[in-house]
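A.B. asks: Handing you this structure, nothing more for now.
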Amino acid sequence: MVFSSALCIFSLLALVQAQSESQQPKIQLRLAGDKVKHYEGRLEVFYNNEWGTICDDDFSIEAAHVACRELGFLGAVAWSPSAKFGQGEGRIWLDNVHCTGGEKSLAECPSNGFGVSDCRHSEDVGVVCNQKRIPGHRFTNTMNNNVENMQLTIEERVEEIRIRPISSHLKRLPISEGFVEIKERGKWRQICDEHWTPLNSRVVCGMYGFPGEKKYSNKVSLSMRKNKNYWGFSVNCTGNEAHMSSCRLGKALVSKRNGTCGRGLPVVVSCVPGRAFAPSSSTGFRKAYRPEQPLVRLRGGANIGEGRVEVLKNGVWGTVCDDNWNLRAATVVCRELGFGSAKETLTGAKLGQGMGPVHMNEVDCSGFEKSLTDCYFNNDALGCSHEEDAAVRCNIPAMGFQKRIRLSGGRNPYEGRVEVLTEKNGSLVWGTVCSENWGMMEAMVVCRQLGLGFASNAFQETWYWAGDASADNVVMSGVRCSGTEMSLPHCLHHGKHISCPRGGGRFAAGVSCSDMAPDLVLNAQLVEQTTYLEDRPMYALQCALEENCLSSTAKKNDHSTYRRLLRFSSQIHNVGQSDFRPKLGHHAWTWHECHRHYHSIEVFTHYDLLSLNGTKVAEGHKASFCLEDTQCDEGIQKRYVCANFGEQGITVGCWDTYRHDIDCQWIDITDVKPGDYILQVVINPNYDVAESDYTNNFMKCKCRYDGYRIWTYQCLTGELRIIEGLLAGTF
């Protein structure tokens, strides 16, 4: 009798639970809005045949966990209030949602009830889910497969998307042509090409790093029509999506009876690589190239396809303000530069602050412009500062470069002896790189090829790193890089005829890498404003003579003569992401008795006076006897002070000023005849310290000297080629 009663109670509870579940509102969720990744966005609910949003009042990480699991992710990483992913439209379906975290659906969590809310869309909630999906998660459509009304995105059904190369292209890199396949419930499936559009191909190519697409010309075998491994839906992309997972589901295409594609064939895309990634006939890839008069460039990025966005206007490079900066505008930049779609937008000068004007503000692109300069924007950037410089990370093709190089023997993955994979006697072998003339430019290429960011050091001896003994032989020598190459084989080198007098072993090349680097830029305006001439007697220049700051005609014991000095101040800003520090530690600094100070870098700047055809007519240099924070931007504390043998360097956001009235802050022009000249200043000329961008280390001014006075004008900082063109009036 007791057993019978217990059974009845259990049955009653089960019936109540079943009735409760059947009475729960049926909903679907999606992530929408101005999102960068497919696993984040504004949280929206489909209820009563209408999409709506959720208010952030009382929302919690527990509610975010429930929502993300309902979407097929392992859980939530964070949630965001105040419409971080943009304001939604229509109804606000849920408000004051209270979840414990164990619910299977947001519909199970207590709330005010559907449609009961006093919120505005400025309070729409967003979530960031764990990138990993629940293994075997199957999307459950509780809304009677009303796909047209629901406008579901592909990400709510699939796990992964790929381009599988056609058999004839298996060994070709990058993979620019192949079948588009979707992984659903652990199984790869092809897509039926009925209703497939060029806009869909544009999105697929963009997410794999290609700026354009073209029609696939070769016919797929008709036997593919009998393939029963098709995905069940069509795809509907607008062409602006950063990833195909954000495209909408179309109607069901595949026959449920036999799983075939009817009269269609599997989708094949053919993508157009950017110029830097396009194969060449001789080497299989292109070497470093320089675009002709680019209007847009990326600076300060640690890896290929990322950086601060800069625009050329009236011959002057400037930045873009991050107001309204979004994925559409960023994708225009990426495609313009030969990359794919943008995978991430960065605001708040995340990749360093630029210099000069802010050229563009409130950029508004359709996504199909050929150049960022074709987009609508606000010329008025008065409310913007370089703390708001916009940046981007682009999708780039998988070239396989990382598989052909490695660092061995280091204390961490960011340092070690450089070992490369080369072909020898018909087989692939690992070997070392000759360190003769190995420097920072070569190290920068290695770190970029490995995806480890910037080089922090280049080593010509690596005896302290026990690399792979089987890879001791030198397989690459004579390496000369410009610093812009994508891989070490792109640099000039000896090829098959190895020449390395010192051999490998302890003299093999090595590097250390960092994901951040400083970036020094000279204040050109200050140079122009402070230039003047001084005639100084030789008896007051003996210390300067000892430090080689005078021309070769100056005599040590000639105290009765004068030297004519072109003086000016220099103010050097660190606009990078890490502090600029001398390469050598205190113990290796050089003491100069005459001036009674240490030099932490023997040659920190070069000062040259050039003829109009580029011939050097006078020169000077400045050792870094004192690298310190003279002044800093508001809110930044000085870290480096030279007094009392202190630490030397320039903090990010600070600058070091060498006044015009200190020794060696000049060029000795005693022997220069009157005429027109070019004043050139180069910071860190020997690349002793790694920087994120060496192209802005140059400054040039026009000068006119009449034998008594000097006029300096049109001082410009930036890429040397453009400066020379502007000064010559040819750019």
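A.B. asks: Return the residue satisfying two criteria in turn: it lies in segment 690-721 and is among the β-branched types (Val, Ile, Thr) and modelled with pLDDT under 90, and of such residues it is nearest to MET440 (Cα to Cα).
C.D. replies: Here the answer is THR695.
A.B. asks: Could you pull out the residue among VAL672, VAL641, VAL603 that is at negative phi, free of Cβ contacts under 8 Å to residues at least 24 places away in the same chain, surrounded by fewer than 22 Cβ atoms within 10 Å (Cβ to Cβ) and part of a loop (DSSP other than H, G, I, E, B)?
C.D. replies: Details: VAL672 fails: free of Cβ contacts under 8 Å to residues at least 24 places away in the same chain; VAL603 fails: free of Cβ contacts under 8 Å to residues at least 24 places away in the same chain.
None of the other options fit; the residue is VAL641.
A.B. asks: Quick check on segment 451-468. Is at least one of its residues assigned to a strand (DSSP E or B) and closer than 20 Å to ARG502 by Cα?
C.D. replies: Yes, that holds for at least one residue.
A.B. asks: Out of SER60, SER111, which single residue is over 31 Å from the mean Cα position of the chain (by Cα) and open to solvent by 40 Å² or more (accessible area, probe 1.4 Å)?
C.D. replies: The unique qualifying residue is SER111.
A.B. asks: Take the conditions basic (Lys, Arg) and in contact (Cβ under 8 Å) with a residue 40 or more places away in the chain and apply them to ARG536. Does it pass?
C.D. replies: Numbers: basic (Lys, Arg): yes; in contact (Cβ under 8 Å) with a residue 40 or more places away in the chain: no.
Considered against the rule, which asks whether it is basic (Lys, Arg) and in contact (Cβ under 8 Å) with a residue 40 or more places away in the chain, ARG536 comes out as no.
A.B. asks: Condition first: open to solvent by 80 Å² or more (accessible area, probe 1.4 Å), in a strand (DSSP E or B) and closer than 30 Å to ALA517 by Cα. Can you find one or more residues in segment 570-592 that meet it? Steps first, please.
C.D. replies: Initial filter on segment 570-592 (open to solvent by 80 Å² or more (accessible area, probe 1.4 Å)): 581, 583-584, 587, 591.
With the extra rule that they be in a strand (DSSP E or B), the set shrinks to 591.
Narrowing further to those that are closer than 30 Å to ALA517 by Cα: 591.
There is at least one residue in segment 570-592 that is open to solvent by 80 Å² or more (accessible area, probe 1.4 Å), in a strand (DSSP E or B) and closer than 30 Å to ALA517 by Cα.
A.B. asks: Please go through segment 349-368 and pick out each residue that is within 17 Å of LEU298 (Cβ to Cβ) and not polar (S, T, N, Q).
C.D. replies: Of everything in segment 349-368, those that are within 17 Å of LEU298 (Cβ to Cβ) and not polar (S, T, N, Q) turn out to be ALA349, LYS350, LEU351, GLY352, GLY354, MET355, GLY356, VAL358, HIS359, MET360, VAL363, CYS365.
A.B. asks: Right, here's the next one. Return the residue satisfying two criteria in turn: it lies in segment 359-398 and is touching a Leu at 6+ places or on another chain (Cβ under 8 Å) and surrounded by fewer than 20 Cβ atoms within 10 Å (Cβ to Cβ), and of such residues it is farthest from GLU310 (Cα to Cα).
C.D. replies: ALA398
A.B. asks: So GLU442 clears everything in (1) within 21 Å of ASN303 (Cβ to Cβ); (2) surrounded by fewer than 17 Cβ atoms within 10 Å (Cβ to Cβ); (3) not aliphatic (A, V, I, L, M) except one condition, right? Which one?
C.D. replies: The one condition GLU442 does not meet is (2).
A.B. asks: Restricting to segment 164-215, give me the number of residues that are in a strand (DSSP E or B), out of contact with any Phe, Trp or Tyr (no Cβ under 6 Å at 6 or more places or on another chain) and either within 16 Å of VAL267 (Cα to Cα) or modelled with pLDDT of 90 or more (or both).
C.D. replies: Looking only at that region, the number is 10.
A.B. asks: Just to verify a result, which residue in segment 400-409, among those that are open to solvent by 30 Å² or more (accessible area, probe 1.4 Å) and either of a type in the set (S, T, N, Q) or in contact with a Phe, Trp or Tyr (Cβ under 8 Å, 6 or more places away or on another chain) (or both), is farthest from ASP472 (Cα to Cα)?
C.D. replies: Among those that are open to solvent by 30 Å² or more (accessible area, probe 1.4 Å) and either of a type in the set (S, T, N, Q) or in contact with a Phe, Trp or Tyr (Cβ under 8 Å, 6 or more places away or on another chain) (or both), it is GLN402.
A.B. asks: Only residues that are open to solvent by 40 Å² or more (accessible area, probe 1.4 Å) and over 16 Å from the mean Cα position of the chain (by Cα): list them for segment 297-340, please.
C.D. replies: Passing the criteria: LYS313, ASN314, VAL316, ASP323, ASN324, ARG328.
The values are calculated or read from the model by the stated rules, or taken from the named source; none is laboratory data. Owing to the predicted nature of the structure, the values given are computational and were not obtained by experimental measurement. Neighbour counts are summed over all protein chains in view; Cβ atoms, including those assigned to glycine, are modelled from backbone coordinates with ideal geometry. When the accessible area is computed, the model is the full protein with side chains, heavy atoms only, and any ligands, DNA or RNA have been set aside. Shrake-Rupley method; radii C 1.70, N 1.55, O 1.52, S 1.80 Å.
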